[in-house]
Amino acid sequence: MNTPAHALLRKLPKTDLLLAHPRIEKLSESFTHREIVAETRVILDQLRARGIRGDLCEEELAVDRVASALEQGLAERRRPYYRHVINATGVVMHTGLGRSPLADVAAKRVAELSIRSQKLELDLETGQRGGRDEGCAALIRELTGCEAATIVNNNAAATLIILAALTREKPVLVSRGELVEIGGSYRVPDIMRESGAILVEVGTTNRTHVRDYANRLNEETGMILKVHTSNYRVQGFTKEVSLEEMVAIARPLGVPVVYDMGSGSLIELAEHGIHDEPSVQAALTAGVDLVCFSGDKLLGGPQAGIIAGSREAVGRCRDHQMFRAMRPSRFIYTALEATLDLYRQGTSRALAEIPTLRNLLADAATIKKRAARLAEQLAPIEHVDSALVPCRSQAGSGALPTRELDSWGVKLTPHQGSIESLASKMRLGDPAIVMRRVDDALTLDARTIHDDEVAMIAQRLRDLQASADQTD
Ligand SMILES: *Cc1c(COP(=O)(O)O)cnc(C)c1O
């Protein structure tokens, strides 16, 4: 270490001195001694490391300056890891941001019940223990017309337990065009292997015919599995086999047909101009034994995997030893029941109150109004240029992969500094604000911004302006 750095480092405030500082003593009202000591070490270590690199000036070693850093560091410790993010990306079901926000009623039910004991497994009529999924299962039966339903932690778990329960060690026929990977660690062939089923690929990537299945089908076949190719589309010269055709060849041999729907909508989205997502009801009407789908994709509820279909097939999933390991928490059943209840109250109720559906189907005029309100609030802010612009949003989570939705947003261009630096400042505040970057601009897509978040975004940009003015 060269001498100047050494001399500088000797001026680092001593821990005892810092701990006795009136501002630090005051912190002991909110933080334990242990936390204060630990954070003091972190701050002093950082200063020491910078001193050694020669990246430190003497003023930063003043006790007051170090005490401020310590206050900030400790405040950061109290900031929860899981916190509010304003989703200005326009990706409606953003997996990185928690996918579907809950409807207000669902969130309220969870908030009310989670601080108390609640009805879960106890049958209040008999006083005996009953099934914990019955509340949600009854609603799914009513909404889809299925014989039976159950819930696990997510749709990946649903697929795994269905394969394990129905096909152990038996061949499962899947079209080559449907052997998809959905987000990194979830790949259909891998899940299949883990479940103990034997994958039999049929057809080709772009075309699979009924005869491809029929040629490989016999009494020993464990299942025909159809997988919704959520996150991509094969376009052009393609052919896939319908659920009805699969059922027609499998049923006479007693082979179950299962459809992993991925998103699984409970409303006919075709009536709203979206043709690539079949409804759960339509799939069940085709005669499949089971369907499974996510709770937090197009359904707009909490993370869950929903299994619906025949009494016999659902019963085998419930009876499997692994079922218990995939059991959701009570908060999930509560939130899911409240979400499903909105569907029971009619499609227009569901469309109005479930944020995912509301955002997905919002018309451009409504979004434009919100974007215009944002642009208006941002106009007086001088350190960025803001302009109302048309943009394109996405469904996300593998739903409608080839479709972009017409939307409106506000394009931000900083007068000074880079786009990255502005994006990072927006992300690091509270609430965090995450935007989309298109080419050389940042866009706040108004489709996924809540009405009450417009003012928060404007406030953040005003705060950034104020702190920029201060350092000038
Ligand atoms: C999203 C998806 C899954 C995984 O669902 P999770 O609820 O995220 O576990 C499985 N299969 C398909 C076809 C999907 O789209």
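Scanning segment 315-358 for residues that are open to solvent by 80 Å² or more (accessible area, probe 1.4 Å) and without any contact (Cβ under 8 Å) to a residue 12 or more places away in the chain turns up Gln321, Arg324, Ala325, Gln345, Ser348, Arg349, Arg358.
Quick check: is even one residue across segment 290-309 over 30 Å from Arg109 (Cβ atoms) and open to solvent by 20 Å² or more (accessible area, probe 1.4 Å)? No: zero hits.
Let's see how each residue does on (1) farther than 23 Å from Gln118 by Cβ; (2) within 16 Å of the ligand (Cβ to nearest atom); (3) hydroxyl-bearing (Ser, Thr, Tyr):
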{"residue": "Gly301", "(1), (2), (3)": "no, yes, no"}
{"residue": "Ile306", "(1), (2), (3)": "no, yes, no"}
{"residue": "Glu312", "(1), (2), (3)": "yes, no, no"}
{"residue": "Arg318", "(1), (2), (3)": "no, no, no"}
{"residue": "Met326", "(1), (2), (3)": "no, yes, no"}
{"residue": "Arg330", "(1), (2), (3)": "no, no, no"}
{"residue": "Thr334", "(1), (2), (3)": "no, no, yes"}
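Looking across segment 212-238, the residues that are among the polar types (S, T, N, Q), within 16 Å of the ligand (Cβ to nearest atom) and either buried (at least 18 other Cβ atoms within 10 Å of the Cβ) or at pLDDT 95 or above (or both) come down to Thr229, Ser230.
Is at least one residue of segment 261-268 touching a Gly at 6+ places or on another chain (Cβ under 8 Å), modelled with pLDDT of 95 or more and within 15 Å of the ligand (Cβ to nearest atom)?
no
A search for C-beta distances below 6 Å between a residue of segment 258-285 that is within 15 Å of Lys297 (Cβ to Cβ) and any residue that is away from the ligand (no atom under 15 Å from the Cβ) and among the β-branched types (Val, Ile, Thr), counting only pairs 6+ apart in sequence or on different chains, returns Ile267/Thr347; Val280/Thr144. Among the residues making up segment 380-417, those that are open to solvent by less than 50 Å² (accessible area, probe 1.4 Å) and within 15 Å of Gln465 (Cα to Cα) are Ile381, His383, Val384, Ser386, Leu412, Pro414.
In segment 361-388, which residue that is without any contact (Cβ under 8 Å) to a residue 24 or more places away in the chain and within 26 Å of the chain's Cα centre (by Cα) is nearest to Glu277 (Cα to Cα)? In this case the residue turns out to be Asp363.
In summary, Ala304 fulfils each of the numbered conditions (1) in the same structural domain as Thr413 (by TED's automatic domain parsing); (2) in contact (Cβ under 8 Å) with a residue 12 or more places away in the chain with the single exception of condition (1).
All conditions in (1) open to solvent by 10 Å² or more (accessible area, probe 1.4 Å); (2) more than 15 Å from the ligand (Cβ to nearest atom) hold for Val241, with the sole exception of (1). For segment 450-458, does any single residue satisfy the condition of being within 20 Å of Thr366 (Cβ to Cβ), within 16 Å of the ligand (Cβ to nearest atom) and open to solvent by 60 Å² or more (accessible area, probe 1.4 Å)? Checking segment 450-458: not a single residue is within 20 Å of Thr366 (Cβ to Cβ), within 16 Å of the ligand (Cβ to nearest atom) and open to solvent by 60 Å² or more (accessible area, probe 1.4 Å). Kindly indicate whether any position in segment 339-351 is modelled with pLDDT of 95 or more and under 19 Å from the mean Cα position of the chain (by Cα). So far as segment 339-351 goes, yes, one or more of its residues are modelled with pLDDT of 95 or more and under 19 Å from the mean Cα position of the chain (by Cα).
Here Ile52 meets each of (1) in the same structural domain as Asp296 (by TED's automatic domain parsing); (2) over 30 Å from Asp452 (Cβ atoms) with one exception, condition (1).
The values are calculated or read from the model by the stated rules, or taken from the named source; none is laboratory data. Source: prediction; values computed, not measured. Positions of Cβ are backbone-derived with ideal geometry, glycine not excepted, and every protein chain shown enters the neighbour counts. Please note that ligands, DNA and RNA were not included when accessible areas were found on the heavy atoms of the full protein model with its side chains. Shrake-Rupley method; radii C 1.70, N 1.55, O 1.52, S 1.80 Å.
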